[in-house]
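A short worksheet on the structure shown next.
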């Protein structure tokens with residue numbers, strides 16, 4: 001059925017925020033794409049198969065198939081269990097350990113091939129992102145890249161990611177002024193301990209790209225990146241940190257800004273949490289590619305929240321600080337840097 005009651009008008013974010021202040025920000029991959037276009041890859045699982053440096057082998061792919069998943073966390077966790085069982089039963093097979101490290105290596109190289117290098121992040125860009133995030137009481141990020149982490153670690157504003165001084169998740173931390181940062185799908189800087197608890201990697205390097213998911217037995221990367229919504233929820237329920245963050249979104253109070261998130265069927269669990277929170281107003285970003293695209297996006301979001309008594313406000317993504325084109329880093333710079341080093 002074709003709808004004709006959606007125009008192509010989009011609000012200016014600054015005016016919208018003044019009229020309808022948002023206490024929360026839900027971030028999707030569009031926020032990362034606004035900085036680095038190489039984040040546009042479709043699947044990390046596919047990326048790990050095509051990376052030039054030690055891609056996933058047929059044997060490792062068979063493990064993913066046997067576990068009916070394209071997520072790395074359950075496969076790596078399963079191999080870690082196998083290693084412990086072998087040790088307890090004095091089985092000398094080294095296959096689980098070899099596969100464990102091979103899969104982690106393919107994962108690391110796959111992410112590095114698409115992630116923006118630290119050297120291309122100007123201090124002004126980091127400060128700009130940090131300032132933009134600090135305008136909210138809570139930031140809910142579904143991105144597992146390091147952009148938010150860098151902005152939190154190197155920005156001047158106060159943030160609280162609920163990890164204590166020992167880098168252990170502590171849900172009893174309370175702050176009255178700092179912006180809470182919750183990674184709904186985990187992050188490259190987070191790992192899952194054997195008991196399911198979460199820990200934050202601490203690195204002396206500013207990038208963390210050089211040391212994330214290091215080849216230590218206990219360090220299983222904690223991020224949800226592939227698959228159906230139900231599959232993602234299984235991983236979320238198995239982590240005290242991820243399940244807490246998901247519950248916080250479902251209990252959000254006040255208006256919510258959704259930036260760069262399509263709320264597609266693969267993220268139905270995120271939509272369900274927003275519906276449970278039932279904010280009075282949703283401010284939703286749309287990238288103004290064309291009038292037809294704007295109308296299509298309005299229909300998409302309106303259908304998701306039909307009959308929910310939630311007021312939808314649509315704004316031009318480029319008028320939001322996180323969508324400002326001035327802070328987009330040209331991918332060409334990476335090629336230029338490589339050529340300079342080769343020379």
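Values quoted throughout were computed directly from the atomic coordinates according to the rules given, and no laboratory measurement underlies them. All values derive from a computational prediction rather than experimental measurement.
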*Under the Kirkwood approximation applied to all pairs of distinct alpha-carbon atoms, what is the hydrodynamic radius of the chain in Å?*
21.2
*Provide the three semi-axes, in whole Å and in decreasing order, of the ellipsoid equivalent to segment 1-110 as defined by the square roots of 5 times the Cα gyration tensor eigenvalues.*
44, 17, 15
*At q = 0.16 Å⁻¹, what base-10 log of I(q)/I(0) does the Debye formula yield for segment 46-113 when every alpha carbon is treated as an equal point scatterer in vacuo?*
-0.52
*Run through the DSSP bridge list for the chain and note the antiparallel percent, rounded to the nearest 5.*
25
*Enter the angle in degrees (range 0 to 90, nearest 10) between the Cα long axis of helix 123-133 and the first principal axis of the Cα atoms of the chain, meaning the one along which they spread out most.*
70
_How tilted is helix 72-88 with respect to the longest principal axis of the chain? Cα atoms for both, answer in degrees (0 to 90, nearest 10)._
30
*Under the rule of -39500 (n - 2.57) per DSSP H run of 4 or more residues, summed and divided by the residues of the chain, what mean residue ellipticity at 222 nm is obtained, to the nearest 500 deg cm²/dmol?*
-12000 deg cm²/dmol
*Relative to the longest principal Cα axis of the chain, at what angle does helix 268-277 sit, 0 to 90 degrees, rounded to 10?*
50
*Can you pull a Stokes-Einstein diffusion coefficient for segment 210-299 at 10 °C (1.306 mPa s), Rh from Kirkwood over Cα pairs, as a whole number of µm²/s?*
103
